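Read the figures in this text as sums done on the coordinates, not as results from a lab. Remember, it's a predicted structure, so these values are computed and weren't measured experimentally. Note that we place each Cβ from the backbone using ideal geometry, even for glycine, and neighbour counts take in every protein chain shown.
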Amino acid sequence: MKWILIAMLAVMAAPQVARAAAPVFSILPDGSSVTFRVKASTPIQGRFDRWKSSLTFTSADASTGVLAVDIDATSVDTGSGIKDGTLKSDKFFDVKNHPAITFRSTKISQTGPDTFTVTGNLTIRGVSKPETLALKANRTGSGGQVTGTMTFNRKDFGMVGGVPLVKIADSVDVIVSLKAKRVSGPPVGVKS
């Protein structure tokens, strides 16, 4: 009976040991941003003022990371009330019916000493499609800046509208810049 109790305690403690070996990061809002740009006869670029992100790992191996970004589409800000209103309309983001834009990574692959390809599911207007984010990590001490760009076709997500007298490209670039700080666990293992 004593050995069964010891074995049960060892099994119960194992997840705690595994969790302790995984890096834990906090994304700092100051120094972080989610912006976008679209080629058009009148350039369209802006940012989202309300969003949150997390970067979690199950071990120190970078490939076990999961990047999640949740954007409040109603917080789009181009500096123009007219453009913002058009982007919030049912022609584009349709914020009345779909106020959230999300990205959930499904795979992180290291492509260089400080570069990564992050494959995941992007959801806009309730439509989910696999997309890829190319990331560069600038590590400093217990954290650093992670910056990446994703390019997608807006029409794939039902954003088929236009703006009178403005020719808008189909490609949209989303730029994610995240300031991360490791709050516990070991550093993320990367290949040099």
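With respect to the stated conditions, ILE168 is β-branched (Val, Ile, Thr), more than 24 Å from LEU28 (Cα to Cα) and in contact (Cβ under 8 Å) with a residue 12 or more places away in the chain. When ARG154, ARG139 are checked against the criterion of being over 22 Å from ALA73 (Cβ atoms) and basic (Lys, Arg), ARG139 stands alone in meeting it. Restricting the range 138-192 to residues that are small (Gly, Ala, Ser) and outside any strand (DSSP E or B), the residue that is farthest from SER59 (Cα to Cα) is GLY162.
As for the range 105-122, it holds at least one residue that is surrounded by 13 or more Cβ atoms within 10 Å (Cβ to Cβ), touching a Gly at 6+ places or on another chain (Cβ under 6 Å) and within 23 Å of GLY65 (Cβ to Cβ). Screening SER63 with (1) under 18 Å from VAL146 (Cβ atoms); (2) touching a residue at least 24 places away in the same chain (Cβ under 8 Å); (3) under 15 Å from the mean Cα position of the chain (by Cα) gives one miss only, at (3).
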